[in-house]
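Student: Supplied in structure tokens, the structure appears directly below.
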């Protein structure tokens, strides 16, 4: 469905990267989100380029 969205809980002061891939080898950062201690929502509003795309939220170190 368009747009794809996801929700995740955050910790205040932490920075999170929302990333996507089509092959699990190469990940692209779509957004950097600063944690506030509350839930955040990310929506990928890009046009779908591939039949399948996978997402992850990674804590930036």
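Read the figures in this text as sums done on the coordinates, not as results from a lab. Keep in mind that this is a model prediction, so the values were computed, not measured. Quick reminder, even Gly has a Cβ in these numbers, built from the backbone with ideal geometry, and neighbours come from all protein chains shown.
Student: Using only the Cα atoms of region 4-59, build the gyration tensor, take square roots of its eigenvalues as a ≥ b ≥ c, and label the shape rounded, prolate or oblate: rounded if a/c is under 1.5, else prolate if a/b is larger than b/c, else oblate.
Tutor: In terms of gyration-tensor shape, prolate.
Student: Relative to a virtual label point 7 Å from the Cα of residue 58 in the Cα→beta-carbon direction, which members of region 12-31 show backbone nitrogen distances below 14 Å?
Tutor: 15-31
Student: To make sure I understand, if each residue's beta carbon is the centre and we count other beta carbons within 10 Å, what order do 15, 57 fall in, fewest to most?
Tutor: Lowest to highest Cβ neighbour count: 15, 57.
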